[in-house]
Amino acid sequence: MAKTLIHGLTQNELTDSCAQLDLPKYRAPQIWRWLYVQRVNDWDSMKNLPSALRAELAERFLLDSAVPLSKQGEPDDTCKILVGLHDEEQIEEVLISAPGRRTVCISTQVGCRFHCAFCASGQHGFRRNLDAGEMVGQVLLAAHTFSDKLTNVVFMGMGEPLDNYDATLKAVRILNNKDGLNIGARRITISTCGVIPPIERLATEGLQVELSVSLHAPNDELRSQLMPVNRKYPLADLLKACKAYFAATKRIITFEYTLIQGVNDRPQHAKELAKLLSHLPSRVNLIPLSPVEEFAGQSSPQEAAEVFMNTLEQAGINATLRRSKGSSLKAACGQLRFQRSSDSAVPADE
Ligand code: SF4
């Protein structure tokens with residue numbers, strides 16, 4: 001019998017599983033607390049469970065859904081962890097510290113099928129979806145690694161979260177559970193490269209999560225070159241879906257825009273972008289490119305990035321210029337996974 005990842009069960013599903021094992025009603029809350037309040041990572045630590053029950057749980061469920069293999073950087077700045085999964089696949093998560101915030105950026109797929117030109121994950125193809133338990137496992141690993149409390153979760157690592165919709169939403173609900181990790185929905189961000197049907201579906205979920213849409217170009221011609229998804233879901237349709245999302249949820253959407261020198265960072269691109277977003281309450285995050293071997297583009301110089309931001313602001317668009325966190329430790333998604341054999345990553349337990 002294949003084992004189930006226990007971190008992929010909602011509280012109700014865990015209760016049902018315990019009922020199927022004819023356990024007393026108090027067992028499910030006990031186990032839930034061990035998983036998400038005490039956050040133990042071995043069955044023997046669950047001291048108030050009889051040893052026979054611990055053995056039975058170990059037979060049926062997997063507890064180690066995300067195992068750290070190596071890390072680069074430091075948790076009190078920016079830290080990237082290479083994570084091993086139960087089937088030997090590998091993914092990455094990034095931990096980012098800022099005053100008052102401890103954010104983890106988690107992966108939702110092994111690889112990705114969307115082939116964005118500037119992304120290592122996209123260049124190496126798709127292998128499989130993650131289970132909700134593997135997403136929750138990444139968050140638990142981050143909570144363990146940060147010395148302070150984890151405050152924010154961003155579904156923006158390897159993979160397209162809305163291409164793995166059900167597992168992503170299930171993970172959100174497990175993270176949000178008040179008896180468990182209790183991470184508020186407004187502190188959870190789901191990112192998308194612009195796949196329209198699941199954006200429409202997300203608008204109906206009644207969740208207060210933040211939505212972040214990667215634009216990276218202000219017109220179809222350029223966006224289709226950088227992001228093939230644009231050929232199927234062009235900008236006019238995407239912006240229409242974003243407007244409908246805002247109308248349904250009243251949640252302001254954040255648009256991500258990676259600045260690539262000489263490609264999409266000219267003042268006229270900023271003017272086009274401002275026009276595109278002029279009828280939609282929005283924020284724009286400008287992020288200098290983290291160079292990857294698979295893409296010849298370079299990060300915009302600071303001066304060009306500032307001109308771009310000022311042009312947006314003069315047009316009334318709320319824009320923030322971000323530091324590309326961790327470009328020095330190859331933090332663009334997918335890079336650590338493909339460099340493991342040659343880089344200077346240190347074992348995660350050091
Ligand atoms: S940027 Fe995101 S959607 Fe695009 S290829 Fe990379 S992981 Fe996939």
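Each reported figure results from applying straightforward, stated rules to the coordinates on display, with no laboratory input. All values reported here derive from a predicted model rather than from experimental measurement. Note that we place each Cβ from the backbone using ideal geometry, even for glycine, and neighbour counts take in every protein chain shown.
How much length is gained on full extension from S224 to D77, taking 0.36 nm per residue of separation minus their Cα-Cα distance?
Working: separation 147, 0.36 × 147 = 52.92 nm, distance 3.44 nm.
Stretched fully, the S224-D77 segment lengthens by 49.5 nm.
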Scattering profile of the chain at q = 0.11, 0.14 Å⁻¹ [log10 I(q)/I(0), Debye over alpha-carbon scatterers]: -0.73, -1.15
Straight-distance crosslink candidates among aspartates and glutamates, where the alpha carbon sits under 19 Å from K71 and sequence neighbours closer than 8 are dropped: E88, E89, E92, E93, E134, D148, D343, D349, E350
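Test of understanding: express the Cα radius of gyration of region 154-256 as a ratio to 2.2 N^0.38 Å, with N the residue count. It would help to have the intermediate numbers written out before the result.
On the way: Rg = 13.8 Å, N = 103, 2.2 N^0.38 = 12.8 Å.
In units of the 2.2 N^0.38 Å rule of thumb, it is 1.08.
Regarding region 28-182, what is the average projected area of its C-alpha convex hull, in nm²?
It is 9.7 nm².
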Partner lysines for K243 [C-alpha distance under 16 Å; skip if fewer than 8 residues away on the same chain]: K275
Exceeding the 23 Å Cα-Cα cut-off - candidates K149/K250; K149/K178; K232/K271: K149/K250; K232/K271
Dipole of the chain, positive direction: furthest Cα of C119, Q208, F155, with charges on the beta-carbon: Q208
Formal net charge of residues neighbouring R60 (Cβ-Cβ distance under 14 Å; K, R +1; D, E -1): -2
Label-point separation in nm, E303 to T204, each point 7 Å along Cα→Cβ: 5.2 nm
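With a cut-off of at most 15 other beta carbons within 10 Å, and DSSP calling the residue loop, which chymotrypsin sites (Phe, Trp or Tyr not before Pro) in region 12-120 qualify? Please list them. Please list the in-between numbers first.
Working: sites: Y26, W32, W34, Y36, W43, F61, F114, F118; in loops: Y26, F114, F118.
Here the chymotrypsin sites (Phe, Trp or Tyr not before Pro) that fit, given the DSSP loop and packing criteria, are Y26.
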Which of S51, F255, V37, positive extreme of dipole for the chain (C-beta unit charges): F255
For region 41-80, projected area of the alpha-carbon convex hull averaged over all directions, nm²: 4.0 nm²
Inter-site label distance for S147 and R323 at 7 Å from Cα along Cβ, in nm: 1.9 nm
Total charge dipole magnitude, the chain, about the Cα centre, Cβ charges on Lys, Arg, Asp, Glu only, Debye to nearest 20: 960 debye
Lys, Arg +1 and Asp, Glu -1 on Cβ, resulting dipole of region 228-311 about Cα centre, debye, nearest 20: 640 debye
